[in-house]
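Contents: one structure, followed by commentary.
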Amino acid sequence: MTQKPYVSTALPTPEIDELLSRHTLPEGAIAGWFDYPSLVPILGRISKEQFKKNITDFEKILAPFFGLKSFFGSLNKMDFSVGCSKGCHTCLAKAPPPARMFSTESLIRGFRNPQILQMLDPYHLRIGNTAEPTDQSDFLEVIKFILIQTEFLDEQAKKQEKRHRVNVYTNYRPNSEEILESLIELARDNDRFELNISLPVNKTDSVNESFALFAAAHEDTFFYNELQAYMGYQTKIKNLYVFNVREGNSIFPIGRRLSPEILESKKKLGGVLPINRVEDYELRGMVDLLVNPDALWMMVYSTAHHSSTLRSYTPLNLENTQVLTLLPWIKFYFFDTFPPNWPGGQGERRDGELAQQMKVSDCNPFQKVDIVY
Ligand code: SF4
């Protein structure tokens, strides 16, 4: 198979252009802008055996940033692998098939390393952002180990009447029910382990139908109230959630390909169908971090004009870090924390009117966005 030349797949936002116009970076300091965090083009499926052999060292990826104060308390998102095995017809992350993973040994070693522990966000760590955590061969062992190694953060958080939580996002499939049962048990046993079970947006409902059977067979855990259909599946474990993009009023149509039936069903449930959401302009240009087996990534919140995943990623290195960390940290409604030494501080969510003005005046040359209804 011929190796295709690698091309950037996302665009930097105007905030990045503006920042770079004020600072000079050596040529090549920015490797590119990508809508999926992968440095090597992924051309197709490889065998499970080969995937397990394509291992990366977790500690080595983060080593260049050890001791840099900007990164203290910054890391709240990680993926154990590059690529995802689930193959949803509409992938919110635009994930290719699985290609590389962190070795178990390096993850265990890494979560023992005080330099890495110092980089962790004091309140939460999300595992499963652009990849499926259960693809890593020893994910359960690793997650349990991470829970042990982050107990000190929970102790610190409790002193402020908060908690440190480890969130895992996994996508349900009928052939992974055994794995799911183990994760549900972990959620039952450990209240700071939060499990989010996602259901796919597929062309057919077969996976969702299988989940309905799984939920019915686990009445002690799940329930579905027809009168509260907008809430989708609910659970009897407070740290267990079912995240059903297909039903309910969670809406992710921007840059995605959703069928007319699905969009219609969302309308019936009272959801709005935003095209070029104003909300994306409220957050545009703000950043946070993601580590995966390819790099420590700067993740910039974008609009559909800049990236079909609404994220523009670039790998961080010692040359570009000093400039790129001047971008403001994202301000969510729920996670109001940011790394204490982050040079760009925390961004202020723009008010709706300003965001609307930005949307109208957005003169990006790639302005045309095809959204399929
Ligand atoms: S599980 Fe998530 S990352 Fe994987 S293909 Fe589905 S939507 Fe994409």
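Laid out as a table, the results:
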item: Positions within region 320-373 being modelled with pLDDT of 90 or more, more than 25 Å from the chain's Cα centre (by Cα) and of a type in the set (A, V, I, L, M, F, W, C), in sequence order; result: LEU354
item: Output for region 178-206, where each listed residue is part of a loop (DSSP other than H, G, I, E, B) and either crowded, with 20+ Cβ neighbours inside 10 Å or touching a strand residue (DSSP E or B) at 6+ places or on another chain (Cβ under 6 Å) (or both); result: ARG192, PRO200
item: All positions within region 145-161 that are assigned to a helix (DSSP H, G or I) and either surrounded by 15 or more Cβ atoms within 10 Å (Cβ to Cβ) or free of Cβ contacts under 8 Å to residues at least 24 places away in the same chain (or both); result: PHE145, ILE146, LEU147, ILE148, GLN149, GLU151, LEU153, ASP154, GLU155, ALA157, LYS158
item: Top-ranked residue in region 58-93 [being within 16 Å of the ligand (Cβ to nearest atom), surrounded by fewer than 21 Cβ atoms within 10 Å (Cβ to Cβ) and in a loop (DSSP other than H, G, I, E, B); ranked as nearest to the chain's Cα centre (by Cα)]; result: ALA93
item: Region 78-101 residues that are acidic (Asp, Glu), paired with ones that are near the ligand (Cβ under 7 Å from one of its atoms) (beta carbon under 9 Å, 6 or more apart); result: ASP79/THR130; ASP79/ALA131; ASP79/GLU132
item: Residue selected from region 164-177 under the condition part of a strand (DSSP E or B) and more than 11 Å from the ligand (Cβ to nearest atom), by the criterion surrounded by the fewest Cβ atoms within 10 Å (Cβ to Cβ); result: ASN167
item: Pair list, Cβ under 6 Å, 6 or more apart: region 339-353 residue within 14 Å of VAL287 (Cβ to Cβ) and in contact (Cβ under 8 Å) with a residue 60 or more places away in the chain, other residue of a type outside the set (Lys, Arg) and in a loop (DSSP other than H, G, I, E, B); result: PRO339/GLY73; PRO339/SER74; PRO343/THR325; PRO343/LEU326; GLY347/MET286; GLY347/PRO328
item: Which numbered condition TYR233 fails, given (1) crowded, with 19+ Cβ neighbours inside 10 Å; (2) under 30 Å from PRO339 (Cα atoms); (3) touching a helix residue (DSSP H, G or I) at 6+ places or on another chain (Cβ under 8 Å); (4) at pLDDT 70 or above; result: (2)
item: Unique residue being without any contact (Cβ under 8 Å) to a residue 40 or more places away in the chain and surrounded by fewer than 21 Cβ atoms within 10 Å (Cβ to Cβ) when the list is GLN118, GLN50; result: GLN50
item: Residue count for region 94-141, restricted to those that are of a type in the set (S, T, N, Q) and part of a loop (DSSP other than H, G, I, E, B); result: 6
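The values are calculated or read from the model by the stated rules, or taken from the named source; none is laboratory data. Model, not experiment: these values are computed from the prediction. FYI the Cβ positions are ideal-geometry reconstructions off the backbone, even for glycines, and counts take in every protein chain you see.
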